[in-house]
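To keep things clear, I will list the structure first and then write my remarks on it.
Bear in mind that the values in this text are calculations on the coordinates, not laboratory data. Being a predicted model, the structure only gives us computed values, none of them experimental. Note: ideal-geometry Cβ built from the backbone for every residue, glycine included; neighbour counts use all protein chains shown.
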Amino acid sequence: MDPAGMMAARIGEGTSMTSTTRAVSALSALLLTAALAGCNGDAGMKPAPDASPAASRTPSPSPSSTTPAGTTDLALAESETREDSVYPDVGDPLVDALSYDLDLDWNPETDTLTGQETLVFRATADAAKVPLDFNEQLQISSLTVDGKAAEHQVDGNHLIIDAPIKADQRHRVELAYAGVPAPAPAPSQRTDFATGVGWNITDEHETWTVQEPYGAFTWYAANDQPADKAFYDFSLTAPDPMQGVANGELTSSTKADGTTTNTWHLAEPASSYLVTVAFGDFQRTDLKSRSGVPIQIWTDPDGKALPGGLATTPDAIDWLEKYLGPYPFDTFGIVVVDNESGMETQTMITLGSTSYSLSPAVVVHEAAHHWYGDTVSPADWSEVWMNEGMAMYLQGMWEAEQEGRSVAQKMDEWAAFETDLRDSAGPPANYDADKFGDGNIYYGPALMWQELREKIGDKLFFEVLREWPASQENGNADREEYWAWIEEKTGEELTSFFEDWLLGEQTPTR
Ligand SMILES: [Zn+2]
């Protein structure tokens with residue numbers, strides 16, 4: 001997600017903020033918006049979350065998660081599951097999801113979502129029940145486990161299925177459901193999260209999803225914790241002129257009886273918070289980076305095909321590849337929706353239709369997450385600094401280049417308000433769970449990377465930047481693994497350095 005918009009938005013809101021914090025936020029927002037090339041300050045108001053991954057494979061002929069032999073190896077989606085330390089009520093380490101096949105039909109007349117889902121998962125232990133995240137707003141009409149009807153209960157955001165499962169065996173849950181989805185309250189003060197996380201419906205009866213740190217459960221049965229990556233197939237049907245956009249590669253588009261069905265395949269596993277689906281009326285523009293990454297941009301047909309800074313998207317990929325190595329997925333895309341956020345949904349980032357969200361800086365930020373967040377994802381929500389610190393640092397490097405300044409100057413500017421962010425929401429790796437996505441997870445960790453760069457020199461620093469995501473392709477990590485890897489790579493003892501920056505109550509001396 002992107003922070004600057006959030007801070008700008010908070011200026012106008014300020015309900016729970018002290019005047020000091022408000023003043024600091026106002027100052028930093030001014031500095032930030034002033035710094036954003038192509039970003040005009042007033043629109044900077046709305047924050048945007050960011051997200052997306054993808055790769056391609058042969059089209060799947062049916063909405064079954066049983067993929068043809070040789071196309072998708074489900075073992076590649078096996079994960080080391082865990083209970084989340086920040087949001088333990090969501091997700092369960094008993095379930096290791098391998099693939100989700102989601103056949104979704106959107107009815108804008110009634111705002112009804114009708115779903116057919118097949119989930120293949122590996123049980124991590126013997127158990128008598130299967131625990132999933134799913135919202136009671138949706139009514140289940142049938143549910144089987146391994147082909148047999150199974151009793152089940154939905155309570156709040158939990159679906160408990162009575163079915164025996166065996167450790168290390170694969171099981172298949174198939175369910176049919178329908179209802180008017182409702183977003184869940186976000187554990188955040190961000191104004192772009194005010195409508196809630198998960199499935200959102202616009203006044204025009206179009207839909208979008210933003211689900212960090214959770215919220216997938218508002219529209220499908222999921223193990224909604226970031227350590228659990230899985231493959232995805234989507235079959236999305238809506239009446240014309242609407243169509244469905246999702247992660248991955250568009251493998252078919254079929255018109256029949258006044259409806260369009262788009263199928264999408266995500267060929268590399270993703271955490272549930274990086275999944276996106278949007279139903280709406282879109283125009284599509286195809287671009288390509290110089291290195292050959294195909295890019296699809298989906299925008300409102302009543303406006304420009306490439307609003308804001310979206311024409312610069314190929315340049316963003318090229319610029320990032322210069323520092324980070326080859327883009328880690330097969331395709332990239334952007335879907336523009338009617339919100340105020342920006343989210344790095346894997347291979348298809350989800351951007352709100354504001355000038356801030358559509359600015360080149362936000363595109364750089366969300367694209368950077370494909371190396372830092374999407375190919376290597378946090379194993380636990382206490383590690384979201386791994387995503388936002390590096391995406392913010394890269395955004396800062398890009399902004400400094402645009403402004404003809406040094407990145408050190410940019411970091412000095414950010415350092416001026418870092419202490420207040422830390423005071424307000426806690427240390428970056430031990431934040432207040434009710435303030436998810438606050439500025440503290442962005443700026444302090446970005447400053448930390450600059451300090452590390454000065455400590456070890458550019459050559460080694462950029463080797464670290466390139467080699468870490470490549471070494472963790474389609475994986476997850478926590479701080480212990482990350483710190484140990486950097487110490488090994490650099491030959492430096494860095495644990496106390498990282499602890500000071502990420503767990504300290506105060507900003508370390510720079
Ligand atoms: Zn971000």
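In the range 284-298 there is at least one residue matching the filter, namely being closer than 19 Å to TRP199 by Cα, surrounded by 18 or more Cβ atoms within 10 Å (Cβ to Cβ) and away from the ligand (no atom under 16 Å from the Cβ). Applying the criterion of being part of a helix (DSSP H, G or I) and hydrophobic (A, V, I, L, M, F, W, C) to the residues of the range 421-434, the residue that is surrounded by the most Cβ atoms within 10 Å (Cβ to Cβ) is LEU421.
Quick grid of which residues meet (1) assigned to a strand (DSSP E or B); (2) surrounded by fewer than 19 Cβ atoms within 10 Å (Cβ to Cβ); (3) in contact with a Leu (Cβ under 9 Å, 6 or more places away or on another chain):
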{"site": "PHE121", "(1), (2), (3)": "yes, no, yes"}
{"site": "ALA128", "(1), (2), (3)": "yes, yes, no"}
{"site": "LEU143", "(1), (2), (3)": "yes, no, yes"}
{"site": "ARG172", "(1), (2), (3)": "yes, yes, yes"}
{"site": "ALA178", "(1), (2), (3)": "yes, yes, yes"}
{"site": "PRO181", "(1), (2), (3)": "no, no, yes"}
{"site": "ALA186", "(1), (2), (3)": "no, no, no"}
{"site": "ASN200", "(1), (2), (3)": "yes, no, no"}
{"site": "ASP203", "(1), (2), (3)": "no, yes, no"}
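Of all residues in the range 145-170, those being surrounded by 14 or more Cβ atoms within 10 Å (Cβ to Cβ) and over 19 Å from GLY215 (Cβ atoms) number 10.
Of the helices (runs of 4 or more DSSP H) lying entirely inside the range 312-420, those containing at least 3 residues that are more than 16 Å from the ligand (Cβ to nearest atom) span 313-324, 384-403.
For the range 114-164, the set of residues classified as among the β-branched types (Val, Ile, Thr) and within 21 Å of ASP228 (Cα to Cα) consists of THR118, VAL120, THR124, VAL130, VAL145, ILE160, ILE161, listed by residue number.
Where strands (runs of 3 or more DSSP E) sit wholly within the range 228-309, those with at least 2 residues that are in contact (Cβ under 8 Å) with a residue 40 or more places away in the chain occupy 230-239, 243-246, 249-256, 259-270, 277-280, 294-299. Of all residues in the range 380-416, those being out of contact with any helix residue (DSSP H, G or I) (no Cβ under 7 Å at 6 or more places or on another chain) and aromatic (Phe, Trp, Tyr) number 1.
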